[in-house]
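To keep things clear, I will list the structure first and then write my remarks on it.
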Amino acid sequence: MIKTASILRIIVLVGIAFLGVEFLLETEPGQWAVIVHPYAWVFLGLVLLIAIAIEASIAALHAILYKTLSEENKLRFHELEAHKSSKLEEKMQAILKKMTRSKSIEREGEIELDHVYDGIRELDNKLPPWWVYSFYASIIFAVIYMIRFHVYNDYTQDEEYLMEVAEAERSIEEYKRTAKDLINFETVTLLTEQSDLDAGKGVYNASCVACHKPDGGGGIGPNLTDEHWILGGGIKNVYKTISEGGRSGKGMVAWKNDLKPLEMQQVASYVISLYGTSPAEPKDPEGDIKWTPEDN
Ligand code: HEC
């Protein structure tokens with residue numbers, strides 16, 4: 001027979017192993033180690049197997065030892081076991097008694113009030129300590145709460161709300177940065193953070209300078225710093241040109257297979273930031289569409 005104690009021991013052991021995994025393995029705050037590191041499950045599975053094996057061996061040992069006992073000792077063994085469990089029951093009863101301080105039904109007479117109404121009697125019961133203690137605890141909680149929030153004004157509910165919204169917005173931004181298909185030429189927005197423009201410049205220097213020149217003045221490709229655009233200016237058009245390519249045969253290929261959406265967004269933002277700069281050898285304006293950053 002499987003004993004409850006064995007199961008409890010196994011659960012506690014696996015629980016401790018789980019906590020250990022969570023504390024010892026490095027994760028970003030708010031992430032579960034067992035999700036980030038799937039092999040943690042292998043470890044937990046091993047711990048579970050070993051715990052079951054230990055419990056099974058102990059149970060087997062018990063069974064063998066029991067078989068070796070003489071009939072008389074077997075009886076004594078059962079008595080001892082029974083004694084153990086009745087001891088436990090007594091203890092539980094004592095704790096229950098302490099937490100309720102109730103009078104047993106036989107002794108109810110001692111606390112009866114001489115107030116009978118329609119045969120309904122009233123007992124002057126003591127307040128049960130479990131209730132009194134929780135009441136005291138709530139008073140202490142209230143005092144601390146009042147001092148913290150109404151005397152020292154730690155933070156108000158409004159501020160708490162704003163903090164949570166800011167936190168959520170941060171994680172949405174984070175998600176948008178890493179999620180792939182969220183950015184396309186319809187949803188793309190202009191990035192203005194210096195770090196994004198620097199990243200865009202990195203992509204530009206690596207992939208675009210051959211045709212557009214390091215300063216954007218143009219060579220095989222058109223000048224990217226003036227207000228004339230062949231395929232349309234503004235973040236959405238520029239992103240689309242980079243992602244889908246220019247007119248066929250002109251040399252501007254589609255970059256969507258080589259660059260990540262975020263990289264294309266960064267390099268498009270960088271291209272737009274070049275507007276109005278003065279390249280060393282600017283190519284003559286090409287394209288009939290006029291666009292300046294004010295048109296965004
Ligand atoms: C092989 C040469 C070449 C490379 C490399 C190149 N381009 Fe181009 N690019 C061109 C040409 C040619 C055009 C004109 C396309 C057309 O006329 O349809 C163009 C057009 C553009 C336009 C549209 C300009 C307008 O007036 O509408 C943008 C924006 C642009 N390129 C950005 C980039 C970026 C960003 C990169 C790097 C990821 C890049 N290009 C790499 C040759 C190139």
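No lab work stands behind these numbers, since they all come straight from the coordinates. The shown structure was predicted, so the numbers you read here are calculated from the model rather than taken from an experiment. Cβ atoms come from the backbone with ideal geometry, glycine included; neighbour counts cover every protein chain shown.
Miscellaneous remarks
- Formal net charge of residues neighbouring Thr156 (Cβ-Cβ distance under 15 Å; K, R +1; D, E -1): -4
- In sequence order, calculated HN-Hα J values of the stretch 66-78 (Karplus, 6.51, -1.76, 1.60; Hz; x Gly/Pro): 4, 4, 7, 6, 6, 3, 4, 5, 4, 4, 4, 4, 4
- Long pairs among Lys236/Lys256; Lys260/Lys290; Lys176/Lys201, criterion Cα-Cα beyond 19 Å: Lys260/Lys290; Lys176/Lys201
- Springs between Cα atoms under 10 Å define the GNM used for the chain, and in it the highest mean-square fluctuation of Val21, Val132, Val165 occurs at Val21.
- Placed amide H near Gly246: partners under 5 Å, 5+ positions off or other chain: Met252, Val253
- Full extension of the chain between Asp124 and Leu182 gives 14.0 nm of extra length, using 0.36 nm per residue less the Cα-Cα distance.
- Global form of the chain, assessed from the alpha-carbon gyration tensor, a/c cut-off 1.5: oblate
- In sequence order, the stretch 191-197 has phi-based couplings of 9, 10, 4, 4, 5, 5, 5 Hz under the Karplus curve 6.51 cos²θ - 1.76 cosθ + 1.60, θ = phi - 60°, and Gly or Pro positions carry x.
- Sparse-neighbour loop sites [trypsin sites (Lys or Arg not before Pro); the stretch 45-131; at most 14 other C-beta within 10 Å; DSSP]: Arg101, Lys126
- Between the exposed loop cleavage positions of the chain, defined as GluC sites (Glu not before Pro) in a non-H, G, I, E, B DSSP state with at most 12 neighbouring beta-carbon atoms within 10 angstrom, the longest gap is 27-185.
- Relative to the dominant Cα principal axis of the chain, helix 4-24 is inclined by about 30°.
- Per-pair calculated FRET efficiency, R0 = 25 Å: Met163 and Glu22 via Cβ, rounded to 0.05: 0.50
- Helix 129-146 and the longest principal axis of the Cα set of the chain meet at an angle near 30°.
- At R0 = 41 Å, FRET efficiency that the Cβ-Cβ distance of Ala94 and Gln194 yields, to 0.05: 0.05
- Label-point gap, in nm, between Tyr152 and Glu174 - each point 7 angstrom along Cα→Cβ: 2.8
- 15 Å beta-carbon shell around Trp291, net charge (K/R +1, D/E -1): -3
- Residue among Pro214, Pro128, Pro29 with the largest mean-square fluctuation in a Gaussian network model of the chain, springs linking Cα atoms under 10 Å: Pro29
- Springs between Cα atoms under 10 Å define the GNM used for the chain, and in it the highest mean-square fluctuation of Gln266, Gln157, Gln194 occurs at Gln194.
- Length-normalised contact order of the chain in % [C-alpha pairs under 8 Å, at least 6 apart]: 13
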